[in-house]
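Q: Before I ask anything, here is the structure I am working with.
What follows is calculated from the coordinates using simple rules that are stated; it is not laboratory data. Computed from a prediction, not measured in an experiment: that's the story for all the values here. All Cβ positions, even for glycine, are placed from backbone atoms using ideal geometry, and neighbour counts span all protein chains on display.
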């Protein structure tokens with residue numbers, strides 16, 4: 001078991017073969033119980049409703065995992081298909097398809113929200129604002145995009161092209 005702690009976040013990672021999944025669930029329960037005890041002693045509270053469990057592996061491996069509910073303290077957690085970690089949405093196969101979809105959806109929304117502001121700025125100020133917006137969105141954790149399929153890169157490219165044509169977006173609203 002590996003444990004990572006941040007200011008208000010604890011992440012537990014367990015590497016296991018498909019045949020040992022049931023046994024590792026019990027180990028995980030004990031680990032969460034120990035974390036809860038430590039937090040209680042430190043006057044902190046573990047919020048089980050914000051706890052997420054996700055199996056990672058290939059599609060063939062994930063089909064063999066039959067455990068979909070994990071007992072954590074007094075609740076039963078459903079295994080999730082994707083989870084957000086440090087601003088990146090990871091899916092169970094680490095394909096980054098959820099990340100690209102989330103980035104595209106929120107990016108296009110934000111571009112539509114920028115239209116009124118861009119209309120009131122000078123051309124140079126508008127370009128600077130859009131470049132800052134794009135670099136913040138696309139450059140954050142962009143090294144994760146290395147090796148992803150071209151179909152996902154095209155979605156990100158579509159978002160980048162739309163930002164370059166922000167005049168078009170502003171005129172259609």
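Q: Can you give the angle from 0 to 90° between the axis of helix 21-41 and the longest principal axis of the chain, with both taken from C-alpha atoms, to the nearest 10?
A: 80
Q: Report, in deg cm²/dmol and to the nearest 500, the calculated mean residue ellipticity at 222 nm for the chain, where each DSSP H run with n ≥ 4 adds -39500 (n - 2.57) and the sum is divided by the residue count.
A: Mean residue ellipticity, 222 nm, calculated: -17000 deg cm²/dmol.
Q: OK, next. How far is helix 123-139 tilted off the main Cα axis of the chain, in degrees rounded to 10, range 0 to 90?
A: Computed tilt is about 20 degrees.
Q: Does anyone have the angle between helix 97-119 and the longest principal axis of the chain? Alpha-carbon axes, 0 to 90°, nearest 10?
A: Once rounded, one gets 30 degrees.
Q: Once you have the Cα-Cα distance between residue 20 and residue 47, take 0.36 nm times their residue separation minus that, and quote the gain in nm to one decimal.
A: Full extension from residue 20 to residue 47 adds 7.0 nm.
Q: Follow-up. Return the single residue from 99, 52, 131 with maximal mean-square fluctuation; model: Gaussian network over the chain, springs between Cα atoms under 10 Å.
A: Result: 131 has the largest fluctuation of those listed.
Q: Right, something else. Can you give the alpha-carbon Rg of the stretch 97-153 over 2.2 N^0.38 Å, where N counts its residues?
A: My calculation over the Cα atoms of the stretch 97-153 gives 1.30.
Q: Using a Gaussian network model of the chain with C-alpha springs under 10 Å, which one of 158, 106, 19 is most mobile by mean-square fluctuation?
A: Residue with maximal mean-square fluctuation among 158, 106, 19: 19.
Q: Given the chain, what percent of its DSSP beta bridges are antiparallel, to the nearest 5?
A: Just about 90 percent of them are antiparallel.
Q: Tell me the label-point distance for the pair residue 78, residue 125, using the 7 Å Cα-to-Cβ offset, in nm and rounded to one decimal.
A: The answer from the label model is 4.7 nm.
Q: Listing 95, 120 from the residue with the fewest other Cβ atoms within 10 Å to the one with the most, what is the order?
A: If I rank by nearby Cβ atoms, fewest first, I get 120, 95.
Q: For residue 67, put the label point 7 Å out on the Cα→Cβ axis and report which residues of the stretch 21-54 keep their amide N under 20 Å from it.
A: Label zone hits: 21-37, 48-54.
Q: Within 10 Å of each residue's Cβ, count the other Cβ atoms and sort 6, 108, 28, 159 from fewest upward.
A: So the residues, fewest neighbours to most, are 6, 108, 28, 159.
Q: Also, quick follow-up: What Rg and what Dmax come out for the chain when only alpha-carbon atoms are used, in angstroms?
A: 21.0, 63
Q: For Cα pairs less than 8 Å apart in space and 6+ apart in sequence, what is the mean separation divided by the residue count of the chain, i.e. the relative contact order in percent?
A: Result for the chain is 15 percent.
Q: Follow-up. For the stretch 2-80, what class follows from the C-alpha gyration tensor (a ≥ b ≥ c being the square roots of its eigenvalues): rounded when a/c is under 1.5, otherwise prolate if a/b is larger than b/c, else oblate?
A: prolate
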